[in-house]
Amino acid sequence: MNELSEEDVLAALEENEWNIQSAAQALGISRPSMYKLMEVNSKIRRVEKIPAEEIQKAWKSSNNNIEICASLLKTPAEPLRRRLRQ
């Protein structure tokens, strides 16, 4: 896990449409380990810290596609999906 760079983690998430489990599997690590790497990654954003206006703008520009929206915002897809439901 210590050998993985921020770019490795970001690339795995991008390649797996911001699905945490799939990205973790691609990197050969557990889901909890992936969460730890995401927490310390300066390029990955927590959805609750993204302003609602920015989310709405990304949602619209992604044509309501959750994976594209997550990629634009650099945040995992599932928490973003939950936030959009609110």
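The values are calculated or read from the model by the stated rules, or taken from the named source; none is laboratory data. These numbers come from a predicted model, not from an experiment. Note that each Cβ is placed from the backbone with ideal geometry, even for glycine, and that neighbours are counted across all protein chains shown. Surface accessibility is based on the protein's heavy atoms, side chains included, excluding ligands, DNA and RNA. Shrake-Rupley method; radii C 1.70, N 1.55, O 1.52, S 1.80 Å.
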Q | Computed [θ] at 222 nm, helices only, for the chain once each DSSP H run of length n ≥ 4 contributes -39500 (n - 2.57) | A | -18000 deg cm²/dmol
Q) Å³ per residue of the Cα convex hull, for region 10-60? A) 82
Q) Using a 1.4 angstrom probe and counting only protein chains, how large is the accessible area of ILE29 in Å², to 10? A) 30
Q | Nearest-20 debye value, the chain charge dipole, Cβ charges on Lys, Arg, Asp, Glu | A | 520
Q: Could you order SER62, SER30 by accessible surface area, starting with the largest, using a probe radius of 1.4 Å?
A: SER30, SER62
Q. Can you pull the percent of the chain's accessible area that's carbon plus sulfur, 1.4 Å probe, other chains left in place?
A. 46
Q: Return the lysines within reach of LYS36: Cα separation strictly under 24 angstrom, same-chain partners fewer than 8 residues apart disregarded; answer none if there are no such residues.
A: LYS49, LYS74
Q: Within region 1-80, report the GluC sites (Glu not before Pro) that DSSP leaves as loop and that have at most 12 other Cβ atoms within 10 Å.
A: GLU3
Q.
Using a probe radius of 1.4 Å on heavy atoms only, what accessible surface per residue do you get for region 1-75? Whole Å² is fine.
A. 63
Q | Cleavage-rule hits, trypsin sites (Lys or Arg not before Pro), region 36-65, DSSP coil, Cβ neighbours within 10 Å at most 15 | A | LYS43, ARG46
